[in-house]
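Report on the following structure.
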Amino acid sequence: MAGELYERLIADMDAAGARYRVIEHAPEGRTDQVSALRGHDVAQAAKCLVVMVKIGKKQTRHVLAVVPGNARLDLQAVKSLLDGTYVAFAAKDKAEELAGSMSGTVLPFSYDPRLELVADPTLLDQPELYFNAARLDRSVALATGDYVRLAEPRVASIILN
């Protein structure tokens with residue numbers, strides 16, 4: 001599963017003429033640890049979190065929240081953004097199903113129509129974003145402008161200040 005997702009990501013970036021580079025490193029999924037391995041400020045890491053938002057009693061939506069690696073996600077901001085009535089981090093199995101990869105390797109891209117992509121604007125201030133590329137041992141450094149062009153995230157303030 002993850003190998004296919006990695007290949008799809010690389011193919012999509014190549015097809016779009018994105019400016020990126022692949023970084024191989026020791027297997028690591030924790031944002032602070034992998035940022036040190038990759039040699040960049042943790043603020044440049046695209047931390048990806050899958051959130052479940054209930055809208056009333058009958059509807060559930062899932063959001064892929066992408067925030068700077070040194071920031072904390074504001075769950076209430078995500079809930080407000082979707083006019084939700086309840087918000088929580090998605091269960092690990094559901095998050096991995098929607099993301100298409102295991103926890104710690106979630107891409108800042110959504111390849112599942114049930115997963116809505118929201119990026120915090122402070123992350124997009126960075127010239128380059130770093131993220132695990134659906135694998136614990138390989139990351140991508142991607143020009144931020146190319147990320148926005150390819151991923152087309154909804155941009156909204158979703159971090160705690």
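The values are calculated or read from the model by the stated rules, or taken from the named source; none is laboratory data. Here the structure is a predicted model, which means the values were calculated and not measured. Only protein heavy atoms, including side chains, enter the accessible area calculation; ligands, DNA and RNA are left aside. Shrake-Rupley method; radii C 1.70, N 1.55, O 1.52, S 1.80 Å.
Run the reach check for residue 92 against aspartates and glutamates, Cα to Cα strictly under 14 Å, same-chain hits fewer than 8 apart removed. What comes back? Here the aspartates and glutamates satisfying the reach criterion relative to residue 92 do not exist. In terms of Cα atoms, the Rg and Dmax of segment 97-161 work out to 11.9, 31 Å.
Computed on the chain, with alpha-carbon pairs under 8 angstrom and 6+ residues apart, the relative contact order is 30 percent.
Averaging 1/r over every pair of different alpha carbons in segment 2-160 and inverting the result gives a Kirkwood radius of 15.5 Å. Probing with 1.4 Å while keeping every protein chain in the model, the per residue accessible area of the chain equals 49 Å². Annotation: average projected area of segment 64-136 is 5.2 square nanometres, based on the convex hull of Cα atoms across all directions.
To check you understand DSSP bridge types, tell me what percent of the beta bridges within segment 2-160 (both residues inside) are antiparallel, rounded to 5.
On the way: 25 of 33 bridges.
Once the DSSP bridges in segment 2-160 are tallied, antiparallel ones form about 75 percent.
How compact is segment 12-96 by the rule of thumb for globular proteins, expressed as Cα Rg over 2.2 N^0.38 Å?
In units of the 2.2 N^0.38 Å rule of thumb, it is 1.34.
Where the centroid of each part is defined by its Cα atoms, how far is segment 4-66 from segment 83-117 in Å? If we compute the Cα centre of each part, the gap is 11 Å.
Annotation: lysines with alpha-carbon distance below 16 angstrom to residue 79 (same-chain offsets under eight excluded): 54, 57, 58.
For the chain, with all protein chains in place and a probe radius of 1.4 Å, 49% of the accessible heavy-atom surface sits on carbon or sulfur. Taking only DSSP H segments of four or more residues, each worth -39500 (n - 2.57), what value at 222 nm results for the chain once the sum is divided by all its residues, to the nearest 500 deg cm²/dmol? When only DSSP H runs of four or more count, the value is -8000 deg cm²/dmol.
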